[in-house]
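The structure under discussion appears below in the form of structure tokens.
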Amino acid sequence: MAEKVTLIVFSGEMDKALAAFNLAIGASAMGMEVSMFFTFWGLNVIKKNQRPIKSRGIMRKMLNSMNRGGSKRLPLSRFHMLGLGKWMMGKLMGDAKFPTIDEQIAIAKEAGVKFIACTTSMGIMGITRDDFITGVDSFAGVATYLADAREGKVNLFI
Amino acid sequence: MAEKVTLIVFSGEMDKALAAFNLAIGASAMGMEVSMFFTFWGLNVIKKNQRPIKSRGIMRKMLNSMNRGGSKRLPLSRFHMLGLGKWMMGKLMGDAKFPTIDEQIAIAKEAGVKFIACTTSMGIMGITRDDFITGVDSFAGVATYLADAREGKVNLFI
Amino acid sequence: MAEKVTLIVFSGEMDKALAAFNLAIGASAMGMEVSMFFTFWGLNVIKKNQRPIKSRGIMRKMLNSMNRGGSKRLPLSRFHMLGLGKWMMGKLMGDAKFPTIDEQIAIAKEAGVKFIACTTSMGIMGITRDDFITGVDSFAGVATYLADAREGKVNLFI
């Protein structure tokens, strides 16, 4: 049986998403079985790049218009500088022939990495299945994560 | 012997505390044995909701008056907005019938989750045992954490 | 064979670096074999305390002049306050006879902790081997990390 790797992607930041996909793609290439659990701000990484999602209630509307998400809208955890730092980081990645987040998502999916979206966070934030990119394998909670992680060789919270 | 889960709660942020308790309570429900190691800003999660703690020295006084902590005073890691974002998140959690941090602490304790406060951080920050809620099982350092984690099936740094 | 501990140091923050070295030194003292993988902002922890590194291209120059790094220049993740909070934290650590980051680096190296710098991040950011302190054992990517972590008893992302 293949060794398992589980990654909780809690953060919705571009740099941490890069680290997560780099680990996921690397582990897949080594024949390991990888699950990525997207939760809380991390759900932004796998949201569609679209207009703010529709949600009920004034507070959910406010939250979801600030916290739009989508792979192209993730901030840097440092030096974001209203987007300038993030834009620079994108350029530097391009210079180094490093794939974009969208490209990494595609590579990860092709390599068989499982994407799981956390239903608890979705419930709190008012996010629905339609708000995500295709490629999400399942919608589940903490029990699903733990069932995987207890078999994992490498489990990280990112 | 029950499988072990260890969680280092380093961050004093509300959203990360939610993730930590969600994991801890979920793992307990699955029959796993959970230890939560609260360290650095994470100590705020298990501080009493009280006035700033008394500490000696002008710098400790300043630090502890800014960094008061207590379950009701944890900021959000994003969109805190001087408390507005945090207040909204609390409302959304309530709407979704999701327990508050205080309720989650109570559920975790009832489920037998062990709370350990890091003595090294307490020493640096000038925090004493009296500053914590009841329910802290022990006060210990890195050796105690590692003795647990080396037996752990799932070890996360949150 | 000694039990292995692997730590990914992603964050370039002083408080998280303290946590990482505390774990690394503690695990070494317990006879465990520790590898620290410095990546992204975490590379700052093991950069020389020198003038901004020379790099090619206007954007790398800008990034590397903002993101100078070096053990003495790491910000606090909270209450940094333009350096005041960080200075206070240094004082409190001194009061508690807690070693500085530089001292912890020296202790970790003496204890045999392995330092690995992430070549992927170095490539994106335009950082060269000369920019690091002596004591970096190797320069490697995600495959090297995973080969270690799959054997690890405790693997953390900090």
| Mind checking whether some residue in segment A:55-66 is touching a Gly at 6+ places or on another chain (Cβ under 6 Å), small (Gly, Ala, Ser) and part of a helix (DSSP H, G or I)? | no
| remark: Restricted to segment A:75-101 and to residues being of a type outside the set (Phe, Trp, Tyr) and touching a Gly at 6+ places or on another chain (Cβ under 6 Å), the residue nearest to A:Asp15 (Cα to Cα) is A:Leu76
| request: Look at segment A:43-101 and say how many of its residues are of a type in the set (D, E, K, R) and either closer than 15 Å to B:Arg78 by Cα or modelled with pLDDT under 85 (or both). | output: 9
| query | Take the residues of segment A:70-84 that are open to solvent by less than 20 Å² (accessible area, probe 1.4 Å) and part of a loop (DSSP other than H, G, I, E, B): which is farthest from C:Leu63 (Cα to Cα)? | reply | A:Gly70
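Can you tell me how many residues in segment B:31-46 are open to solvent by less than 60 Å² (accessible area, probe 1.4 Å) and more than 11 Å from chain C (Cβ to nearest Cβ)?
We begin by selecting, within segment B:31-46, every residue open to solvent by less than 60 Å² (accessible area, probe 1.4 Å); these are B:31-32, B:34-46.
Add one more test, that the residue is more than 11 Å from chain C (Cβ to nearest Cβ), and what stays is B:31-32, B:34-36, B:38, B:43, B:45-46.
The qualifying residues number 9.
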| remark: B:Met88 fails exactly one of (1) farther than 25 Å from B:Lys4 by Cα; (2) surrounded by fewer than 16 Cβ atoms within 10 Å (Cβ to Cβ), namely (2)
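I'd like to verify a number: residues in segment B:80-119 that are touching a strand residue (DSSP E or B) at 6+ places or on another chain (Cβ under 6 Å) and hydroxyl-bearing (Ser, Thr, Tyr), how many?
Step one: filter segment B:80-119 for residues touching a strand residue (DSSP E or B) at 6+ places or on another chain (Cβ under 6 Å), giving B:113-117, B:119.
Filter again for hydroxyl-bearing (Ser, Thr, Tyr), leaving B:119.
Residues in segment B:80-119 being touching a strand residue (DSSP E or B) at 6+ places or on another chain (Cβ under 6 Å) and hydroxyl-bearing (Ser, Thr, Tyr): 1 in total.
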| field | Matching entry among C:Met93, C:Met122 (being within 14 Å of chain B (Cβ to nearest Cβ) and more than 15 Å from C:Ala24 (Cβ to Cβ)) | value | C:Met93
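Being without any contact (Cβ under 8 Å) to a residue 60 or more places away in the chain, more than 27 Å from B:Ile158 (Cα to Cα) and either surrounded by fewer than 16 Cβ atoms within 10 Å (Cβ to Cβ) or not charged (D, E, K, R) (or both) narrows it down to one residue among C:Asn67, C:Asn49; which is it? Walk me through how you get there before you give the answer.
Numbers: C:Asn67 fails: more than 27 Å from B:Ile158 (Cα to Cα).
That would be C:Asn49, the only listed residue that is without any contact (Cβ under 8 Å) to a residue 60 or more places away in the chain, more than 27 Å from B:Ile158 (Cα to Cα) and either surrounded by fewer than 16 Cβ atoms within 10 Å (Cβ to Cβ) or not charged (D, E, K, R) (or both).
Out of the residues in segment A:121-158 that are β-branched (Val, Ile, Thr) and open to solvent by 40 Å² or more (accessible area, probe 1.4 Å), state the one that is nearest to B:Thr6 (Cα to Cα). Reasoning before the result, please.
Quick first cut of segment A:121-158, residues β-branched (Val, Ile, Thr) only: A:124, A:127-128, A:133-134, A:136, A:142, A:144, A:154, A:158.
Those left that are additionally open to solvent by 40 Å² or more (accessible area, probe 1.4 Å): A:128, A:133-134, A:144.
Values: A:Thr128: 31, A:Ile133: 33, A:Thr134: 33, A:Thr144: 18 Å.
So, considering only residues that are β-branched (Val, Ile, Thr) and open to solvent by 40 Å² or more (accessible area, probe 1.4 Å), the one nearest to B:Thr6 (Cα to Cα) is A:Thr144.
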| said: Quick test for you: out of C:Phe37, C:Phe21, pick the one residue that is assigned to a helix (DSSP H, G or I), within 19 Å of B:Ile158 (Cα to Cα) and among the aromatic types (Phe, Trp, Tyr). | reply: C:Phe21
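Of all the residues that make up segment C:101-117, how many are within 14 Å of the chain's Cα centre (by Cα), open to solvent by 20 Å² or more (accessible area, probe 1.4 Å) and in contact (Cβ under 8 Å) with a residue 12 or more places away in the chain?
Start the filter on segment C:101-117 by keeping residues that are within 14 Å of the chain's Cα centre (by Cα), which leaves C:101-109, C:113-117.
Of the ones still in play, those that are also open to solvent by 20 Å² or more (accessible area, probe 1.4 Å) are C:102-103, C:106-107, C:109, C:114.
Cutting the leftovers down to in contact (Cβ under 8 Å) with a residue 12 or more places away in the chain gives us C:102, C:107, C:109, C:114.
The qualifying residues number 4.
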| If you go through segment A:1-19 one residue at a time, how many are facing another protein chain (nearest Cβ under 9 Å) and of a type in the set (A, V, I, L, M, F, W, C)? | 6
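Restricting the search to segment C:131-158, which residues are assigned to a strand (DSSP E or B) and more than 14 Å from chain A (Cβ to nearest Cβ)?
First, pick out the residues of segment C:131-158 that are assigned to a strand (DSSP E or B): C:132, C:138-140, C:152-157.
Once the filter is applied, which keeps residues that are assigned to a strand (DSSP E or B) and more than 14 Å from chain A (Cβ to nearest Cβ), segment C:131-158 yields C:Phe132, C:Ser138, C:Phe139.
The values are calculated or read from the model by the stated rules, or taken from the named source; none is laboratory data. Predicted, not measured: the structure shown is a model, and the values here were computed from it. Cβ sites come from the backbone with ideal geometry, for glycine too, and all protein chains shown count toward neighbours. Accessible surface is based on the protein model in full, side chains and every heavy atom, while ligands, DNA and RNA are left aside. Shrake-Rupley method; radii C 1.70, N 1.55, O 1.52, S 1.80 Å.
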